[in-house]
Amino acid sequence: MTKSEELFARAQKTIPGGVNSPVRAFKAVGGTPRFITKADGPYIWDADGHRYIDYIQSWGPMVLGHNNEKIRNAVITASYEGLSFGAPTEAEIHMAEKVSQLVPSMEMVRMVNSGTEATMSAIRLARGYTSRNKILKFEGCYHGHADSLLVKAGSGALTLGVPSSPGVPDDFAKHTITVEFNNLESVKQAFAECPDDISCIIVEPVAGNMNCIPPVEGFLEGLREVCDEYGAVLIFDEVMTGFRVSRGGAQERFGVTPDLTCLGKVIGGGMPVGCFGGKAKIITHIAPTGPIYQAGTLSGNPVAMAAGLAALNQLEEPDLYTSIFSNTQALAEGLTKLAHKHGIPMTYNVAGSMFGIFFTEAEKVTNYQQAISCNNEQFKAFYHGMLEAGVYLAPAIFEAGFVSKAHTAEIIDATLAAADKVFADVAH
Ligand code: PLP
């Protein structure tokens with residue numbers, strides 16, 4: 001029995017499924033999740049001492065690579081002064097100023113402790129600000145696990161609120177309209193049917209929770225126009241794309257400005273941090289300046305702010321993104337070429353430092369229905385082969401992959417060399 005197997009068996013006695021977040025349990029691919037003991041740069045190590053090149057990167061935060069020295073030192077230094085005060089600090093001002101500088105549409109920001117809190121609060125704000133109840137989201141987009149966002153999409157058709165988890169009352173879910181990602185017509189139709197009821201559109205500007213699906217041309221611009229026409233709030237959930245698909249996020253990359261933005265992951269440098277913000281005229285409606293309630297005992301935590309600031313300050317490095325992006329492109333393109341060499345149908349998507357490979361005959365994947373139609377058996381075989389070969393990919397076909405500054409050209413080459421052998425096995 002390996003140490004990971006032993007720990008997994010033990011964990012399941014006191015932790016549901018042995019994990020504190022479901023995807024970690026390897027349900028989609030089978031087998032035993034690796035219990036991790038340490039991480040550095042592009043690598044993580046498991047409890048059995050195996051080293052892996054890591055393309056999960058803690059599900060996105062580690063754009064600078066694991067265990068970044070400046071972030072680590074900032075955390076150590078801040079912790080000497082105390083772990084939490086429950087009172088305002090100068091670090092929170094630095095953070096707000098930094099976020100506004102990097103993402104100018106975020107004129108004012110409120111810190112929270114996770115991406116889920118950020119989206120949940122932004123939605124409450126949009127509802128309170130517009131005095132409307134309904135929200136519009138997209139099939140396959142994930143915005144955390146708040147009730148109104150856990151709503152299943154119906155296959156391509158406009159679906160009015162079917163909860164995707166027991167525990168979400170139908171009465172909540174009925175206010176969530178779900179339409180197809182990258183299909184502007186479905187958005188227009190929803191607004192035509194409920195012109196005065198939809199408070200906001202919330203969208204992952206690059207979908208990263210149904211593998212990696214960038215917006216088709218005109219899609220984000222179209223959402224902006226629809227929101228302007230109907231007086232709805234446009235919310236970009238940049239929890240994943242923020243500081244990752246461009247220094248200023250997807251809104252900078254695609255040149256479309258939302259009213260509100262949600263951030264998480266990179267903004268905490270590895271600590272539990274989220275944030276939402278946007279137009280001052282909207283966000284000042286939250287307490288204490290406005291009546292819409294939002295709060296948090298640990299929000300703006302000084303150690304977390306120190307980590308986040310140390311991360312954001314390093315993003316100014318010239319050429320940082322150019323080099324990460326070209327390595328990401330080389331990886332996704334390289335994997336696809338190798339798959340083809342071994343007769344395995346594949347296509348890929350890349351957005352900055354996010355990538356996705358799809359085991360499919362389709363030339364391009366642009367929506368959820370296509371993403372879920374990929375060959376899961378081939379993916380599973382590839383996944384386990386790569387894991388054996390020392391490459392740690394997300395254990396499900398629905399997750400984007402992440403490349404960091406620490407994934408140098410040599411690391412990408414090593415990954416491709418491993419993939420060449422694994423594809424050969426998968427093909428037989
Ligand atoms: N929004 C997006 C786009 C995400 O990818 C995630 C998490 O993966 C969330 C929100 C929720 O963030 P958290 O897991 O920090 O609550």
**Failed condition for VAL103, given (1) buried (at least 20 other Cβ atoms within 10 Å of the Cβ); (2) within 14 Å of the ligand (Cβ to nearest atom)** = (2)
**Asked** In the set GLU229, GLU238, GLU252, GLU221, which member is away from the ligand (no atom under 16 Å from the Cβ), closer than 22 Å to THR328 by Cβ and in contact (Cβ under 8 Å) with a residue 24 or more places away in the chain?
**Response** GLU252
**Complete:** Taking segment 118-145 and the residues there that are within 10 Å of the ligand (Cβ to nearest atom) and assigned to a loop (DSSP other than H, G, I, E, B), the one that is surrounded by the most Cβ atoms within 10 Å (Cβ to Cβ) would be HIS143
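Rundown of residues vs (1) of a type outside the set (Ser, Thr, Tyr); (2) outside the structural domain of MET386 (by TED's automatic domain parsing), yes/no style:
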site: LYS279; (1), (2): yes, yes
site: ILE283; (1), (2): yes, yes
site: ASN327; (1), (2): yes, no
site: TYR348; (1), (2): no, no
site: ALA351; (1), (2): yes, no
site: GLY356; (1), (2): yes, no
site: TYR368; (1), (2): no, no
**Message:** Where the second residue is within 16 Å of the ligand (Cβ to nearest atom) and the first is among the polar types (S, T, N, Q) and lies in segment 41-64, which pairs have Cβ atoms under 7 Å and are six or more apart or on separate chains?
**Reply:** GLN57/PHE402; SER58/GLY270
**Request:** May I ask you to list pairs of residues, at least six apart or on different chains, whose Cβ atoms are under 8 Å apart, with the first in segment 137-154 being farther than 16 Å from GLU399 by Cα and the second being within 11 Å of the ligand (Cβ to nearest atom) and at pLDDT below 90?
**Result:** LYS137/LEU149
**Item:** Subset of segment 60-117 [in contact with an Asp or Glu (Cβ under 9 Å, 6 or more places away or on another chain) and over 20 Å from SER246 (Cα atoms)]
**Value:** ASN67, MET111
**Fill in**
Per the filter on segment 70-91, residues surrounded by fewer than 20 Cβ atoms within 10 Å (Cβ to Cβ) and under 24 Å from the mean Cα position of the chain (by Cα) are LYS70, ARG72, VAL75
**Prompt:** Restricting segment 50-74 to residues that are touching a strand residue (DSSP E or B) at 6+ places or on another chain (Cβ under 7 Å) and in a helix (DSSP H, G or I), which is nearest to the ligand (Cβ to nearest atom)?
**Reply:** GLN57
**Complete:** Filtering segment 349-365 down to residues that are outside any loop (DSSP other than H, G, I, E, B) and small (Gly, Ala, Ser) yields ALA351, GLY356
**Complete:** Listed by first then second residue, the pairs whose first member lies in segment 391-419 and is modelled with pLDDT under 95, whose partner is of a type in the set (D, E, K, R), with beta carbons under 9 Å and at least 6 positions apart or on separate chains, are PRO395/ARG24; PRO395/LYS27; ALA396/LYS27; ILE397/LYS380
**Complete:** Counted residues in segment 243-278 being among the basic types (Lys, Arg), under 13 Å from the mean Cα position of the chain (by Cα) and over 14 Å from GLY115 (Cα atoms) come to 1
**Asked** Based on what the data block shows, is GLN189 away from the ligand (no atom under 13 Å from the Cβ), at pLDDT 95 or above, buried (at least 20 other Cβ atoms within 10 Å of the Cβ) and part of a helix (DSSP H, G or I)?
**Response** no
**Complete:** By residue number, the members of segment 1-31 that are surrounded by fewer than 12 Cβ atoms within 10 Å (Cβ to Cβ) and either within 16 Å of the ligand (Cβ to nearest atom) or among the basic types (Lys, Arg) (or both) are LYS13, ASN20, SER21
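Here's the yes/no breakdown for (1) in the same structural domain as THR408 (by TED's automatic domain parsing); (2) farther than 19 Å from ALA310 by Cβ:
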residue: SER58; (1), (2): yes, no
residue: MET95; (1), (2): no, no
residue: MET108; (1), (2): no, yes
residue: ALA122; (1), (2): no, yes
residue: SER131; (1), (2): no, yes
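The values are calculated or read from the model by the stated rules, or taken from the named source; none is laboratory data. Not measured: the values here are computed from a predicted model. Neighbour counts are summed over all protein chains in view; Cβ atoms, including those assigned to glycine, are modelled from backbone coordinates with ideal geometry.
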